């Protein structure tokens, strides 16, 4: 049984806050050290506070740049989809891509968010498996996993030399996949969802909110939760 959607949405918000807190805790540490040092070493304390101010601008600048880049990318993507897809007559806010490879993903855009399914996916999956894939994608949208991923991507972009930032981005990319699976599990048996994941991943399809965002082990971790011994 999957987690309640409200709980999953709260978890997503918490993750986004953690991403921001991770960066700004570094700022707080610098400010605190600067204030503590200032009475005895005014210059040293002032330097630390100056570094904290600079780091604040650096983090906020990367956050703004990342958000702007994502918005532009999604706009270009939607323009291409308008040329290459057709509306699904039986599913609202769903587009059909005429491609033989099984592909399913969502494109967040507020109230205009859409789910994209390929013809190859529709042909390859049985109806219960297809329903599981769609439920997974729509869980990404309702739980706003795109916001979480943008926050961690911005942190990693701002601090590429910081190993924890890269590790956190990868771990959260996997975690949002698991949360979306939990959303699908509310209406889909685990074995059906596992078969859908295995079928789609075997064709090297993209099936998460931000194509290419999740590390390769995401599929393995997802299947391991859904089957007693995992699926190779």
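The values are calculated or read from the model by the stated rules, or taken from the named source; none is laboratory data. For clarity, every value in this text was computed on a predicted model and none was experimentally measured. Neighbour counts are summed over all protein chains in view; Cβ atoms, including those assigned to glycine, are modelled from backbone coordinates with ideal geometry.
Please go through the stretch 161-189 and pick out each residue that is free of Cβ contacts under 8 Å to residues at least 12 places away in the same chain, surrounded by 15 or more Cβ atoms within 10 Å (Cβ to Cβ) and assigned to a helix (DSSP H, G or I).
Matches in the stretch 161-189: 166 only.
Checking residue 81 against (1) more than 23 Å from residue 181 (Cβ to Cβ); (2) free of Cβ contacts under 8 Å to residues at least 24 places away in the same chain; (3) over 18 Å from the mean Cα position of the chain (by Cα), only one condition comes out false. Which one?
Result: residue 81 passes all but (2).
Here's the yes/no breakdown for (1) modelled with pLDDT of 85 or more; (2) surrounded by fewer than 19 Cβ atoms within 10 Å (Cβ to Cβ):
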site: 136; (1), (2): yes, no
site: 159; (1), (2): no, no
site: 191; (1), (2): yes, yes
site: 209; (1), (2): no, no
